[in-house]
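Readers should treat all values here as calculations from the given coordinates under stated rules, not as data from a laboratory. If you're wondering where the values come from, they're calculated on a predicted model, not measured in any experiment. Here the Cβ is made from the backbone with ideal geometry for all residues, glycine too, and neighbour counts use every protein chain on show.
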């Protein structure tokens, strides 16, 4: 599959019109096709550096083998009927998705410096399709982390689900969470001018997002001001859904449907914002 760039200049602030059939169904079909083309282009980058997925697996391994095993023995954090290791396994998966996706936007900075962004901007591809395609490719990268965490959890004796429907649910949550944080990263990249500035902002927000969630301890242990932040943190709902789907005996505190709705709406809003900002990134 190839990607053709139309040489005609377009107004960078406007969404290009879809050529050919103008019915809503045709527009949706064409939009999805362009999202998949962008996703394929991004996924091809893994061929040049497949070891990147393995190096990123070091962090979840350390969290489960060291942090999880130690605190399971200490039993300092109340986790109900779950062992602490089982409690934190979904949180470690969500953390891995966050860490992979939050720096995904640096590709925008590289593409702007290399002139690739300008080629996208003069193509008939909707800006939101470009952003959605990049977000989806971040989700595909994150699925490798899900596989690693699943295998490691089984080795450590965590009772992870074998229900195909639950596994499909885990895949959906991983894709949605990755889309949210990758799109947030793209938005940041559209607003900064240098790679150093982008990396600084990414590092500044990563740990607050992680610790202001239910990834490694229940929200009930937080002070009231931190609870308020946690309830507005999309990572909280990703962890909650993963805990209910991934671990045998795990319970979703808010309900899987609510978690999915919160994540899907957040992803859609961020993609719309990202599409608007991407139109200006080449200026």
In a Debye calculation with equal point scatterers on the alpha-carbon sites of the stretch 93-225 and no solvent, what is log10 I(q)/I(0) at q = 0.14, 0.22 Å⁻¹?
-> -0.74, -1.29
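If you rank 84, 237, 27 by fewest surrounding Cβ atoms within 10 Å, what's the result?
Working: 84 22, 237 29, 27 15.
In order of increasing Cβ crowding within 10 Å: 27, 84, 237.
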If you take the alpha carbon radius of gyration of the stretch 24-278 and divide it by 2.2 N^0.38 Å, what ratio comes out, to two decimals?
-> 1.02
In percent, what relative contact order does the stretch 24-278 have, based on Cα pairs under 8 Å that are 6 or more apart in sequence?
-> 27
Give me the compactness ratio for the stretch 172-283, meaning the Cα radius of gyration over 2.2 N^0.38 Å.
-> 1.17
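Take 211, 198 and order them by how many other Cβ atoms sit within 10 Å, fewest up front.
Working: 211 16, 198 21.
Lowest count first: 211, 198.
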